[in-house]
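Sharing a structure here in structure tokens format.
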Amino acid sequence: MYCRVMRQSMGQEWGQAALAAALQGSGRGKGIFRAGAGLAILGLAASGLAVPGLAVLLGVAVAPVAQARVRAAAPAAHGSVEVALSSQPGSALDRQARDLNADDLATARRHHEKPLVMIGSAPLSTNARTMGLFVQVQSASLCGSAGCSTDVYVQQGGGWKKVLDSVSGPIRLLGTSHGGMRDILVDGSDRWIWRHNTYVDTLAAPDVPGLKASVEKHQAAMRGKTP
């Protein structure tokens with residue numbers, strides 16, 4: 001998990017830097033400005049960030065890049081279904097997602113960003129009684145080189161409990177299951193299974209000395225950093 005978070009953290013400021021470079025080039029002529037803006041947009045799109053509004057503002061076409069990222073998902077496994085995320089402003093799930101991610105939204109606003117909240121829902125239990133809420137907050141300060149991360153929640157006791165934290169890439173619900181809950185495939189190869197009332201990764205990652213402390217220090221710096 002910490003390796004995944006570190007990959008995201010190291011890339012968080014790259015999109016901002018690229019965008020700043022594009023904007024600074026606006027005084028050097030329309031051609032140079034559009035080229036710089038294009039690089040910034042491509043950088044953000046490659047990180048999984050939704051940038052259609054910015055592309056329209058700068059006159060840069062990025063639809064093929066975003067579409068290419070979606071099409072890069074692994075082929076569907078038997079009995080599996082991909083979780084579709086979409087912006088649903090004003091809906092009950094959107095309000096719940098914003099409450100659950102209030103800290104991340106506040107971090108983005110401190111960087112003068114307008115974060116985009118993407119949500120999805122699907123039954124996670126094999127009997128379809130336990131619903132899952134999938135939430136992805138998109139902004140330059142929160143998304144890194146591995147893309148924007150997604151959190152997964154299940155409804156318990158009148159509230160929502162996080163059962164899968166900060167994964168990047170397309171998410172599929174598989175036809176296989178453990179403990180009455182469907183297995184989850186992330187980014188085509190990372191399989192998560194239900195164990196002890198949460199999802200656990202089946203990919204063993206080596207313990208890197210000091211990595212946890214380094215990640216926590218970086219996250220704390222990002223939350224407290226002002227532009």
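Just need a number here: residues in segment 89-119 that are touching a strand residue (DSSP E or B) at 6+ places or on another chain (Cβ under 6 Å) and farther than 19 Å from Gly159 by Cβ.
Within segment 89-119, residues that are touching a strand residue (DSSP E or B) at 6+ places or on another chain (Cβ under 6 Å) and farther than 19 Å from Gly159 by Cβ number 3.
Is it the case, given these coordinates, that Trp160 is in contact with a Phe, Trp or Tyr (Cβ under 6 Å, 6 or more places away or on another chain) and modelled with pLDDT of 95 or more?
So Trp160 fails the test.
May I ask you to verify whether Ser145 is crowded, with 21+ Cβ neighbours inside 10 Å, assigned by TED's automatic domain parsing to the domain that holds Leu164 and of a type in the set (Gly, Ala, Ser)?
No.
Further question on the same structure: From Arg109, Arg129, grab the single residue that is over 22 Å from Ala220 (Cβ atoms), without any contact (Cβ under 8 Å) to a residue 12 or more places away in the chain, charged (D, E, K, R) and surrounded by fewer than 16 Cβ atoms within 10 Å (Cβ to Cβ).
So the residue among Arg109, Arg129 that is over 22 Å from Ala220 (Cβ atoms), without any contact (Cβ under 8 Å) to a residue 12 or more places away in the chain, charged (D, E, K, R) and surrounded by fewer than 16 Cβ atoms within 10 Å (Cβ to Cβ) is Arg129.
Answer yes or no as to whether Ser121 is buried (at least 22 other Cβ atoms within 10 Å of the Cβ) and of a type outside the set (Phe, Trp, Tyr).
So Ser121 does not fit the description; no.
Which strands (runs of 3 or more DSSP E) sit wholly inside segment 106-163 and have at least 3 residues that are more than 19 Å from the chain's Cα centre (by Cα)?
Of the strands (runs of 3 or more DSSP E) lying wholly inside segment 106-163, none has at least 3 residues that are more than 19 Å from the chain's Cα centre (by Cα).
Here's a follow-up. Could you figure out which of (1) closer than 21 Å to Asn197 by Cα; (2) in contact with a helix residue (DSSP H, G or I) (Cβ under 6 Å, 6 or more places away or on another chain) isn't true of Lys161?
(2)
The values are calculated or read from the model by the stated rules, or taken from the named source; none is laboratory data. Just so we're clear, the structure is a prediction, and the values are computed from it rather than from any experiment. Methodologically, a virtual Cβ is constructed for each residue, glycine included, from the backbone with ideal geometry; neighbour enumeration extends over all protein chains shown.
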